[in-house]
Structure formats: structure tokens, C-alpha cells
Amino acid sequence: MDNRKKIEHDAILEIQKYFQYFEEVDTSNIAINDKNPAIDGQIEVYDLKEGKQPSKYNLKYSIVIQVKGSSSELSNNKYPVSMSDIRFYLKHTNGVIYFVVSLADLRHPKLLFKKFSPIELKTLDKSVPAKQQKKTIKFKMFPKKPEVLLNIFEDFIEQCKRQTANVLALSDSLHSGTVIKIKVKSKPEYVKETLLSGAYLYRTIVDKESGNPIDIPVGEAEVTGFFKIEKGQMMSPSGVMMRTMTEESAETGLRKVVTGSNGNIIFSVNLHNDESNHKVVIQYTLKGTYIERLKDASFLLEIVGYHPDQSNIQQQKMIKTLQMQIKQLKKTIDDLDNRLMISPEIDPDKLETDQQDSLIKLLQLLNGEFIPSPKYQHITLKIGKSLYGFIVSNEAVINVFSPELVKYVKVFAEKNQNSVEFSPYVTNKNSLECYPNFSGDLILKSFNAFHCYEPKVANYYLLYVLALLNTYDRSDEHKFLELAEKVLNLIEPGLKKELVLINRLQIKIRYGVDLNIDELQSLIDIAKNNENRLNRLSAYVLLKDNVGITEGWNKLTSEEKLEFHNWPIVNLSSFKFSLSK
């Protein structure tokens, strides 16, 4: 027998020796010098109550196994498993127990095992590149008591029954929002050891036809410890309450009290220490929104500083750090909320890197930490899905929806003595639904301050009405539709009658109101007699006359088509206004 075969032979003997005093366990089907691919046989377990003898009638279960021997010490209980074996198990078995025996110390061989359930085999098959031949995997030590391992085997059999190929196929399409849970079959005294050997995560769905629940496997979980957990509250000296989660490890005696808005304040103490005064370790991380960070820092400062000890250097250092953080957070919150009009209920850690950099630069610019170049510029800041616009004028930073904007920004139709001033708020027409600061009331007030009746001004503002309607069509937020109607009412005296009618009726349609006979007749007159091709086409759209739409569209120039294509009225028609040549 060559050395490799002898190692495999001795490894199998160690497995058989482990179970030698358990009559219900039959290891005789573990083949020595086995020539079957990837597996070495089975371990069979029988129910021998009432003096029964092993037979096919009282067989409880049979587990497919693989045995490997090694002359190495197997550092950290890790062993390289062939990926071809893994893929063989996935295709030809419904789960395998993989044994590895280290024979580096013949007097004290190390027996290891790893459960390969179908869900883990599938996960390994997907996650390991096809070209990779081996995967180094961490194994578990055999329990000192074989009855514990038999309990683990019995749970493994139940897990594999839940992980059939048909059920496993559903795990790829399962909705991620359902609750994850762990299921285990075990005698009460062996629950801990069974879970530590590897737990399995499931989501439950309900079969539409039968109404029965189905557990869908989603993965394997490694259990690292067991804790006693309690929920509670902690109160600061000033009466501020924080929810707490207390966990105590049965193995180490370490007790942790986790609190803070995002579990970012941790008080730890080891109760197994023999010291009369247990040392409390505080871990604190700035986390969450600016408001949450200020609340957490203020809360922790009250706790730490309640009994100040000048001789305690660590305590004094933490107090000073918290005081500095609180001062800076208050300043940042004030800058965001009152000066930049950005909600401080944002978590800077959740922003993209470029968004973080832009926000920091904006705050620095606001506080005069550097001079902008050029001195006058428009800045758009994206935070999450929200947009914020700012005008930088010298050292001032003004939100584009701030009441202060009219003091810094002037918009004129012409640069001469007869120039007409416009509202500066209407220069911002794009993605209006993304601006949390958007204020219809503010915009309407600005209209009252300028000449809305001038034809040049009214036509300019009409473009803003169209932008509002486009915004409404994208967002379905009625505030934009209502503002468009109000602005149209203000500028009506300065517009041609057909423009007022077309836009008033497209607003009416968006409110879900049918057009009356007089309105339809007016549109017919525009469609047949108006000298403007765009107006005629608009009327055909409101009349839902596809023949007229087709003829009108085909008569437009390429420039006219591009202009009309951007108008919100096209959103009311099923006609495809194609710009392709």
C-alpha cells in the first residue's frame, strides 16, 4: 500500500473508531480503496429501540460521505476541496458530509467535518470561477461526544430534504423583502452545537395553488456565539431617552450595551473579571444623519461628563472631543438648514464620493474658507435623488429657491435703457421635481413684482408654464400643474388668444375634465385657420385627430419638429413624434 492510500485507509479507520461504541451507527459502507468518483460511501443510522437489529425497516437515515486523510496539521482547520467534487455533489447528490482527518500527530489525530448542503454547493458553484480547481474551506472539529455529531447529522438530513432541486431553483427569483429565518432540528441539549456546525437561512413563501407555506433556502450562516439579549432604555441626566440593546456572552461574560441612533454607542464590560471595579470601555462612532450625530454626541457627553474626574486623562480627552464635535455639528446643521436650505436629515456617509466632496466644498465656500473662481457661478448639488441649486456671487452662496435670490440675481430681456426685468426663479426649468426647496408660493410672489403683461415677458413666462407641465407629466405632482395654471392666469393679458386657449385646455385635460362643444369648436378653428403650424398641430393633438396630427407633423421643418417635440402637449398623444430623418 503506497503512502497516500495508507493515509486514506488510516483516516477511515479513525472515523470508524469514533463511532465504534454506537451500535446504531453502521460505518461498514465506507469503502477503503474506493474507486467511486468523489464519494466514499455512506454512514447509516438505525433505530435500535426495543432490542431491534439493523435492517431496512428501521433505517433512520443514510448520509453520503467523503473521507480525506492528510499528513499536515491543517492550520486553522482549513482544507482545500476540489471544485470538481463540489460540482459532482451538486449534480449527483442531495448533500454530502465531508470528513478530513489530520494524521500529523498519530497519537492525537484531528477529526474534522464539513456539511455541504445543496444550497451551499450551489453557492460555491456560482461564486468560485470555473477555472479555479480548489477552494480552501474551514472545517469543524468533531464533537467529543458522538451523540452530538449524530444530532448534527439528523438536522443535516432535514435541511437537505428542504433543499431539493425544485425548491432550490426558486431561491434565484425570490423577492428579497421577505423575512429570513433559521430552522434547526435538534434535541434541546444539543441545539448550540448543532447551530455552531452551520446554520441555514430560509425565506417562506406561500404556494398560490395550495396555500401551503414553502421554505426557500437562501444560504448558509456561520454562528459564532450565543448571547442573552435584552431590550431597554437609557436615560441621560437631563432626561433624554435612548433605546438600548444589551447582549451578554455566555462563553466570555462580555456584556455590551448598544445604544445611539444607529447602534453607534457601545458600553462594554467583562463580568468574568475578578476585579471589584469592572472597567467600562466606550466605543463611539459618528454615524447617521447630522441631526442623529448631534443627538448621539450630546447624549454621550452627558453620560461621560456626569461625574468628571480631572485625573482621568481618557475621560477628559473624550469630553473635549465630544464638545468639539457638538460645536462643529451645530455649525454644520445651521449652515445646511438656515443658509443653504438643505435638510440636515442627510447621512453624509451614504453620499457618493463626488457628492460628499461637493457638499464639503460648498460648506467651505459658505464660510469663506476659499475664494470661488470665477466669482460668479451656478452650482448644482446632487444629494441622493435630490437636487439643490446655488448661485455663487463673490462670497455669497444663495439657494436658487431662496427669497434672497432677487437681491443677487437680475434677469433682463435686453441690455438697454428699455430693458424688462424677469423673475430670476424661472431660469431654472429642468428637473424641478427633484428640488426639495421648490416653492410655488415664492415664485408667484416674484411674478407680482415684475411686468407680467408685457408680451415679451408673457411669452418668456409661457416657456416656464411648459416646463411646469413637463414636470407634472414626469412626477404626477399636482403642485406643478396648479402652478402652471396660476402662472398662465397671470400672463394671459400678454399672450395671443390661441396660445391661452391651447395651454388652458391642455391643463384642463390633465385635470381629467372633458372639453365642451365650444372649446372643441375653438380648437377646430385653430387647426384649420391659424397661420402658425405649431399652433395648428397643437390643436389637432387636443382634438385627438391622428390624421390631422400626421399631416401637421409632416409639414414641419426639422427645427420646428425639434421645438414641438419638447413641448408637453406631445405627452397627451399616442402619436409617435419621431425626429429621425
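Values for this structure:
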{"read-out": "In sequence order, calculated HN-Hα J values of region 366-375 (Karplus, 6.51, -1.76, 1.60; Hz; x Gly/Pro)", "value": "4, 9, x, 7, 7, 8, x, 9, x, 5"}
{"read-out": "For region 254-403: accessible area per residue (Å², 1.4 Å)", "value": "58 Å²"}
{"read-out": "In Hz, Karplus ³J(HN,Hα) per residue of region 217-230 (6.51, -1.76, 1.60; θ = phi - 60°; x = Gly, Pro)", "value": "x, 10, x, 9, 10, 9, 8, 9, x, 10, 9, 8, 10, 9"}
{"read-out": "Label corresponding to semi-axes √(5λ) of the Cα gyration tensor in Å when calculated from the structure given, among (i) 71, 38, 21; (ii) 53, 34, 27; (iii) 64, 26, 24", "value": "(i)"}
{"read-out": "Beta bridge orientation in the chain: antiparallel %, DSSP, nearest 5", "value": "90 percent"}
{"read-out": "Rg followed by Dmax, in Å, when region 1-174 is reduced to its Cα trace", "value": "16.6, 53"}
{"read-out": "Pair Lys445, Lys382: separation of 7 Å Cα→Cβ label points (nm)", "value": "3.1 nm"}
{"read-out": "Whole-percent carbon and sulfur share, accessible surface of the chain, 1.4 Å", "value": "50 percent"}
{"read-out": "Subset of Lys228/Lys256; Lys115/Lys185; Lys60/Lys181; Lys144/Lys187 violating a 19 Å alpha-carbon distance limit", "value": "Lys60/Lys181"}
{"read-out": "Calculated FRET efficiency for the pair Val184/Asn212, C-beta based, R₀ 25 Å, to 0.05", "value": "0.75"}
{"read-out": "All lysines inside 19 Å of Lys576 as judged from Cα atoms, apart from same-chain residues fewer than 8 positions distant", "value": "Lys544, Lys555, Lys561"}
{"read-out": "Rounded FRET efficiency, nearest 0.05, which uses the C-beta distance separating Ser28 from Arg87 and R0 of 22 Å", "value": "0.15"}
{"read-out": "Estimated FRET transfer efficiency when R0 is 51 angstrom, pair His565-Ala169 (beta carbons, to 0.05)", "value": "0.65"}
{"read-out": "Vicinal HN-Hα couplings computed from phi for region 539-544 (Karplus, 6.51 cos²θ - 1.76 cosθ + 1.60; Hz; Gly/Pro x)", "value": "4, 4, 5, 5, 7, 6"}
{"read-out": "Too-long pairs where the Cα-Cα distance tops 22 Å, listed order kept, from Lys78/Lys122; Lys5/Lys110; Lys231/Lys331; Lys479/Lys508; Lys361/Lys382", "value": "Lys231/Lys331"}
{"read-out": "Gain upon complete extension [Asn338, Asp473; 0.36 nm per residue less C-alpha separation]", "value": "45.4 nm"}
{"read-out": "Cα long-axis angle, helix 83-92 against the chain (0 to 90 degrees, to the nearest 10)", "value": "90 degrees"}
{"read-out": "Where labels lie 7 Å past Cα in the beta-carbon direction, separation of Lys138 and Asn36 in nm", "value": "3.1 nm"}
{"read-out": "Long-range HN-HN contacts of Gly305 with modeled amide H, under 5 Å", "value": "none"}
{"read-out": "Amide proton proximity set for Ile383, modelled H, under 5 Å, gap of 5+", "value": "Tyr388"}
{"read-out": "Helix 313-334 vs. the chain, principal-axis angle (Cα, 0 to 90°, nearest 10)", "value": "30 degrees"}
{"read-out": "Accessible area (Å², per residue) of region 1-148, counting only protein heavy atoms and a probe of 1.4 Å", "value": "57 Å²"}
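The values are calculated or read from the model by the stated rules, or taken from the named source; none is laboratory data. Remember, it's a predicted structure, so these values are computed and weren't measured experimentally. Virtual Cβ from ideal backbone geometry, glycine too; neighbours counted across all protein chains shown. For the accessible areas, the whole protein counts, side chains as well, though only heavy atoms, and no ligand, DNA or RNA atoms are used. Shrake-Rupley method; radii C 1.70, N 1.55, O 1.52, S 1.80 Å.
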